[in-house]
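FYI, it's all coordinate maths here, none of it is from the lab. A quick note: this is a predicted structure, and the numbers were derived from the prediction, not measured. Using ideal geometry, Cβ is built from the backbone for each residue, glycine included, and neighbour counts are taken over all protein chains shown.
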C-alpha cells in the first residue's frame, strides 16, 4: 500500500494510464522495430550464413564469416579510410569552429551579420557541398586543379595519397556552420563574471582563453567531437560524388563498401561490415558516455 | 574595446567571412560561366557569362518534379517525426507504465542503429514490401525519431508541476492535456525539432540514393543533383543545379535561424 | 443551492516510502468555515491540502467531503478548486481563457460560462485585463486571475496553498482583507495553507497547527494564542515567541510567559541581565539573559519606557494569571 501512484487513485485508472502510454509509444516502437531492430537482428543473422553468387543456397557457417571479414582487407581498408575521414574532419572542425566562435563572440555592432555568415553552411546538404568542392578541386572543372604540395602534381582527387583529404575538405567546410553554432552556444553560456574575474586576476587574453575559456567549454567541445565523429563515420555523398570511392579504391569508407554490397552474392560480407560499423559507432558513443560520466563527477 | 582594436577585430571577422563564403562565391561564378571559357583567364570572375545553366539544370534534371517529391517526402517525414515524438515524449514525461526506463533506453538505442548500419536488411525489407521508388519507402523508415522524443520530453519535463496539477483538477484527459497544454507550452522546443527534422529530411542522400531505381520519375532534389554531375564537362549545369537545390533550405534558414540554432545546440548546452 | 461541504479527515496518514508526511490526522472542517493549516515547511500541511484536492493519494484513513468518502475520487470530481502558490496560470492562454478553463470540461453551457466569467472578472476587478496574457500582468493581478479561476467553478471547497507568498508585503496585507471578504461573500468552506502566523491569525475562523506531520492544536486564533496546547504551539505562535524556562520549583515542569506579560519589577521572581534592546517605535523589545533559561527571554515594553542599558542586572515579574505550564517530557500543557 505504500508507493501508490498519484495520477489516478484507483487500480483501473492505473491500467488505463498504462494503456494510454502504450498507445502513445506504439507508433514509434513499430517504426523502430521495423527499421532499426528487426534489420539489426537480420544483419547479425545474415553474417552467420554464406551463400552462392545468386544469393541462394544459404549455408550456416557460424561465426566463421565474421572472423574472415573482420580480419580481412576489406574491413581493414574501409575502417582505415573511415578513420582517415575522421582524422581530417574532426580536429579541423573543432579548431575552425572554435576560431569562428571566439571571433564572433564579441559585443560589436553588426556582429549578428558575421554570426549569420559563419553559420551559413548549415543550409547546404552533403550533396550540395560536394558539388561546391567539385567546382573547387575537381581535376576537370576545378578552380584549383593542382595537387597537394609535396604529394606530386596529380590533382587532389586523382591522387590516391590525397583523395581522402580532398573528400574531407567538403565535409570540413560543410561542418563549419554546425561547429560554429555549437561552440558559440558554449561560449555564450559562460557567465560573464567568470571572464571578468579572470581579467581582474591579471590574466591576459591568451592565457584567459587557454586557462579559463577552453576548460569551461570542454563539455561542449566533447559533444561536438562526438557529433563530428558520427557524421564522419556516416559520410557517403561526398565520396560518391567526388571520387566514387577511387582512385584505386583509396576513398572507399565502411559505409561506401556497405553500399556497394547490395547484390545478393555479397550480402553476407556486407552484413558483417555493417555490424563492424555498428561496433565502431557503439565504441565512440560509449567513449563519450564514459568521458561525460567523469566530467559530471569532476564538476559536482 | 578601443577603436583600433575594434577595427582589427572587424578585419579578422571580414577575413574569416571571406574564407567561409569563398566556396559559395566560386559556385555562383561557375554557375554563370561558359564552361568552355571558364579557364581562359581569371577564375575569380565569371567568364563568358550565361544564365542558361539554371534553365538547363531545371529541365535536364527535372528539378521541378524533384522539388515537389522532395517537399512531399520532407513534409511527410517531419510531420510523422513530430507526431510520433510528441506522443512518445508525453508518455515518457507524464505517464506511469511498466518497463518505462527500459523502453526509454530502447528508444535511445536506435541512435546507435542509423540507416548507414541497417541499410542492407532495410533494402531487403523494401524489396519484400515493393517499396522501391515509392513515397512510403522514402518516408516510413524515418517516421520516428529518438532525438525528437528526447528533446520534446525534456521540454515537457520543464512544464511546472503546479500547472499539471491545475489541469488535473479541471479533469482533462491525457490527450486533451497534451493538445491544450503540453504542446502549446513547449512550442519553442517542438518548433526547433521540426525545423531540424525538416532540414535533415530534405538533405537526405544515402537512403533515397539506395531505394530510387527509377531516377527519371522518382529522384529527390539531392539525387537529381547527382544525375546532373554525370556530365561534369558542362560545368555550369550541375553547378546551377546545386544552387537551385540549396534554395529551399536557405529560405528555411533565413526564416527559422533562431529555432535551428536552438535545436542544433540542444544537446550541447544545458538549460 | 449547494451540497454540504464539510471536510473530514479520519485517521488519515500519508507515507512516501519510509517517510511519514501526515500522521494519523483527525480534523473536521465545518461547512462554510475558513480553516487555516499552519506550520513550518515540511510539517505536512500542504500534503494534507493536496489530499483534499486528490493530487496525493491517501495511504491510510478516510477523507470525506460533505458526507461522501473521496479517497478514490479523481480530483476533477471532488468539487474543489485550488489556488496555487505560483498561481499556475496557463501562460499561453488569455486571462479570459484561464478563468474559463475549469468550466470547459464540466458541460457548462456557453451562455452560462460567459455569465460566470463576467461575474468572476467583476468580483476580482479583472475586466480590463481579460484579453491579456498572464505574462503581461503584475504579481497582484496574476493572483486575482488565480482566484477568479477558482471562483468560477463554484466549488464546494476552496483550497489555497500559500497564495500570498509571492506578493510584496503591502499587497499581502491588502489581499488578506480581500480574501476575508471573498469568503464572506461566497460562504463556502475555505482550507488555507500557510506558514505565516499573521495570515492565519487575521483570516482564520479556526487554525489547525501542524508540525512533523501531526496535528498539534485546533482552535480559534485566540485559543491557540492564549492556551497553546503544547510547547511547539507556544513557540510557533506569537512574535516574539513565548519565553520558556524550567520551573525552579518543579523539575518536571516548564513555565512559559509571553513577552507582553512580563514587566520590570524589583520584586520580580526572574533574575537576569539585559543583553540587548531593540527599539521599534511603537514598542521596545528587551532581550534578557535569564539564569537557567535555554535562550534569551524577550520582554515587550511600551514605547514611552526608557529601556535599561545592556549589561544591567534586572528582575522580571510575570502576570500570574498568564503563566503557562507544560510537562517537561511530553511538552503538553498541564
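Couple of notes before you dig in:
- Helical mean residue ellipticity (222 nm; -39500 (n - 2.57) per DSSP H run of 4+; nearest 500) of chain C: -7500 deg cm²/dmol
- Size descriptors for segment B:61-264: radius of gyration and Dmax over Cα atoms are 19.8, 70 Å.
- On the beta carbon distance between residue B:176 and residue A:59, with R0 = 60 Å, the FRET formula returns roughly 0.55.
- Ordered by the count of other Cβ atoms within 10 Å of each Cβ, fewest first, C:133, B:37, C:107 give C:107, B:37, C:133.
- Here, P(r) means the percent of Cα pairs in each 10 Å bin from 0 to the largest distance; for segment A:92-169 it is 17, 34, 29, 16, 3.
- Using a simple spin-label model with pseudo-atoms 7 Å out from Cα toward Cβ, residue B:12 and residue C:69 lie 7.5 nm apart.
- Partner chain coverage, peptide A:185-192 - average Cβ within 10 angstrom: 2
- Helix B:146-157 vs. chain B, principal-axis angle (Cα, 0 to 90°, nearest 10): 50
- The Cα-based radius of gyration and maximum Cα-Cα distance (Dmax) for segment C:56-109 are 14.4, 41 Å.
- Rg over Rh for segment B:77-197 works out to 1.05, using Cα positions for both radii and the Kirkwood form for Rh.
- Taking C:90, A:144 and counting other C-beta atoms within 10 Å, the order from fewest to most: A:144, C:90
- Peptide B:22-33 has a mean shielding of 5, counted as Cβ atoms of other protein chains within 10 Å of each residue's Cβ.
- Calculated log₁₀ intensity ratio I(q)/I(0) where the Debye formula runs over C-alpha points of segment C:53-173, q = 0.10, 0.22 Å⁻¹: -0.34, -1.26
- Using the Cβ-Cβ distance between residue B:134 and residue C:328 with R0 = 60 Å, the FRET efficiency computed as 1/(1 + (r/R0)^6) comes to roughly 0.10.
- Legend: P(r) of segment A:26-147 from all alpha carbon pair distances, 10 Å bins from 0, whole percents, reading 10, 18, 24, 23, 18, 6, 2, 0.
- Angle of helix C:110-123 to the longest C-alpha principal axis of chain C, folded into 0 to 90 degrees and rounded to 10: 30°.
- Separation of the residue A:33 and residue B:161 label points, Cα + 7 Å toward Cβ, nm: 3.4
- Angle between chain C longest axis and helix C:169-186 axis [Cα atoms, degrees, rounded to 10]: 60
- Among C:102, C:91, C:241: highest mean-square fluctuation, GNM of chain C, C-alpha pairs under 10 Å: C:91
- Working note: Debye formula, equal point scatterers on the alpha-carbon atoms of segment C:193-280, no solvent; log10 I(q)/I(0) at q = 0.14, 0.16, 0.17, 0.21 Å⁻¹ is -0.61, -0.77, -0.84, -1.08.
- With eigenvalues of the C-alpha gyration tensor scaled by 5 and rooted, chain A, Å: 38, 36, 18
- Projected label distance in nm at residue C:312 and residue B:124, using a 7 Å step from Cα toward the beta-carbon: 10.0
- Note on segment A:182-289: Cα-Cα pairs beyond 19 Å make up 62% of the total pair count.
- Where only alpha carbons of the protein assembly as shown are counted, the Rg and the Dmax (Å): 36.7, 119
- Percent RCO, i.e. relative contact order, over chain C, from Cα pairs under 8 Å lying at least 6 residues apart: 17
- GNM flexibility winner over chain A from A:206, A:128, A:90 (Cα, springs under 10 Å): A:206
- Semi-axis lengths, largest first, of the ellipsoid equivalent to chain C are 44, 24, 15 Å, with √(5λ) applied to each eigenvalue of the Cα gyration tensor.
- The ranking of B:198, A:37 by Cβ neighbour count inside 10 Å, starting from the fewest, reads A:37, B:198.
- Whole-number Å³ per residue for the convex hull built on Cα positions in segment C:1-122: 147
- Area projected by the alpha carbon convex hull of segment C:253-307, averaged over all directions, nm²: 4.0
- Mean separation of Cα pairs under 8 Å and 6 or more residues apart, divided by the residue count, gives segment A:68-293 a relative contact order of 29 percent.
- Under the criterion of Cα pairs below 8 Å and six or more residues apart, the relative contact order for segment B:41-173 equals 40 percent.
- Estimated translational D of segment B:1-50 in µm²/s (Stokes, Kirkwood radius over Cα pairs; 10 °C; 1.306 mPa s): 125
- Here the gap between residue B:2 and residue B:71, fully extended at 0.36 nm per residue and compared with their Cα-Cα distance, gives a gain of 19.9 nm.
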